[in-house]
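The values are calculated or read from the model by the stated rules, or taken from the named source; none is laboratory data. Note that the structure is a prediction, hence the values are computed from the model and not measured. Note: ideal-geometry Cβ built from the backbone for every residue, glycine included; neighbour counts use all protein chains shown.
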Amino acid sequence: MLPILAAALILVLPAILLAAAVKDATSFTIPNWMSLILLAVFPLAGLAVGLPPQVLLAHAGAGAAALVLGLALFAFRLLGGGDAKLFAAVALWMGWEAAAPFLVGTLLAGGALSVGLILLRAPLLRPYVLSGPAWFVRLAEPKEAVPYGLAIAAGALLAFPESSFMAAVAL
């Protein structure tokens, strides 16, 4: 397949991740279309870089496992629905070889994000935050949720070099 087409298809993942992170930070939502694009482009990107069918199926298994985990976290109200769907769609791209770096990166980024939000939401900073844009004021609301899409995006971007996609491109 044309290397330019393969590169363009692979770049869909980081582009969607960045868009999802911005959308989640500014609105506390991740639209379904973002996860659906990742789902739809995955097999095309896999074929474009020459991944064998058994590797694509293994990636599907990683995505399915992540969906089960995400839905469990959603059921316990530890993760939003958009976050759970994005997590599963990204795990599909990561596969088993990048699952651990993705999970660890996401957890570490989520911890850093939580600490940052605790500091941002502290009474000492509230007067300064209130003069910012509306999305930032909402982000700093003490009772507001954590836009975990940012952590998912950070974990994915850190782990993507370990995926079979990047291994196939490096050959």
Take A109 and decide whether it is in contact with a helix residue (DSSP H, G or I) (Cβ under 7 Å, 6 or more places away or on another chain), under 29 Å from P43 (Cα atoms), of a type in the set (G, A, S) and at pLDDT 95 or above. yes
Of the conditions (1) outside any helix (DSSP H, G or I); (2) surrounded by fewer than 21 Cβ atoms within 10 Å (Cβ to Cβ), Q54 fails just one. Which one is it? (1)
Right, A109: small (G, A, S) and either farther than 17 Å from L158 by Cβ or in contact with a His (Cβ under 7 Å, 6 or more places away or on another chain) (or both) or not? no
If you go through S27, S35, the only one that is under 20 Å from F102 (Cβ atoms) and among the hydroxyl-bearing types (S, T, Y) is S35
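Return a yes/no flag: does the stretch 110-122 have any residue that is hydroxyl-bearing (S, T, Y) and closer than 30 Å to L9 by Cβ.
Applying the first criterion (hydroxyl-bearing (S, T, Y)) to the stretch 110-122 yields 114.
Narrowing the set further to residues that are closer than 30 Å to L9 by Cβ leaves none.
No: zero hits.
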Can you tell me which residues in the stretch 118-171 are crowded, with 16+ Cβ neighbours inside 10 Å and aromatic (F, W, Y)? Y148, F160, F165
Looking only at residues in the stretch 1-36 that are β-branched (V, I, T) and closer than 24 Å to V49 by Cβ, which one is surrounded by the most Cβ atoms within 10 Å (Cβ to Cβ)? I16
How many residues does the stretch 48-63 hold that are of a type in the set (A, V, I, L, M), touching a helix residue (DSSP H, G or I) at 6+ places or on another chain (Cβ under 8 Å) and free of Cβ contacts under 8 Å to residues at least 60 places away in the same chain? 4
Criterion first (assigned to a loop (DSSP other than H, G, I, E, B), surrounded by fewer than 16 Cβ atoms within 10 Å (Cβ to Cβ) and not hydroxyl-bearing (S, T, Y)) does L78 satisfy it? yes
Residues of the stretch 97-146 classified as farther than 30 Å from F160 by Cβ and among the charged types (D, E, K, R), total: 4
Testing G111 on (1) surrounded by 13 or more Cβ atoms within 10 Å (Cβ to Cβ); (2) within 30 Å of G63 (Cα to Cα), one condition comes back false. Which one is that? (1)
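Please work out which residue is nearest to M34 (Cα to Cα), limiting yourself to the stretch 48-96 and to residues that are among the charged types (D, E, K, R) and at pLDDT 95 or above. Reasoning before the result, please.
Restricting attention to the stretch 48-96, the residues satisfying the condition of being among the charged types (D, E, K, R) are 77, 83, 85.
When the remaining residues are screened for being at pLDDT 95 or above, the result is 83, 85.
Details: D83: 11, K85: 9 Å.
Going through the qualifying residues, I end up with K85.
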